[in-house]
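K.L.:
Have a look at this one.
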Amino acid sequence: MVKLLLPIFILMSSTFALAGQGVINGNVLDDPTGPWGAADPIARSETKAKVHIPRLQAIFVRDNSHVAIMNDKEVTAGSWVSGFQIRRITDDFVYFIRNDKEFRLSLFGSKIKH
């Protein structure tokens, strides 16, 4: 008799334990009485949008002022490219700012200095 009741008791107790946790057939159930979004078990991390640095393609002088080609566009000092404002252009560098941070991009090297 004990051998017959023991498997039934184990089966019933595991069913009740799973029902108390909100799991049926291996699927976690949402709490219908909870606030919206509270049942979402995934922790969301705030990720900053990745900012793409403009690509410097050329620097040249026209009418005694420096002009640069960045992201296939002609820019001069004061122009805006991809959210960056061009501060000044020299023979070898383009200086630009974004969020009060100044960057220097060289024509002959892909390193950005700030």
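Just so it is clear, none of the values below were taken in a lab; they were calculated from the coordinates. It should be emphasised that the depicted structure is a prediction, and the values quoted were computed from it without experimental measurement. Backbone-built Cβ (ideal geometry, glycine too); neighbour counts: all protein chains shown.
K.L.:
Would you mind stating whether I86 is surrounded by 13 or more Cβ atoms within 10 Å (Cβ to Cβ) and either assigned to a loop (DSSP other than H, G, I, E, B) or under 26 Å from the mean Cα position of the chain (by Cα) (or both)?
P.N.:
yes
K.L.:
Still on this structure, please answer the following. Can you tell me which residues in region 54-72 are under 25 Å from the mean Cα position of the chain (by Cα) and surrounded by fewer than 16 Cβ atoms within 10 Å (Cβ to Cβ)?
P.N.:
R55, N71
K.L.:
Got a number for residues in region 63-82 being part of a loop (DSSP other than H, G, I, E, B) and either of a type in the set (A, V, I, L, M, F, W, C) or touching a residue at least 60 places away in the same chain (Cβ under 8 Å) (or both)?
P.N.:
Qualifying residue count, region 63-82: 1.
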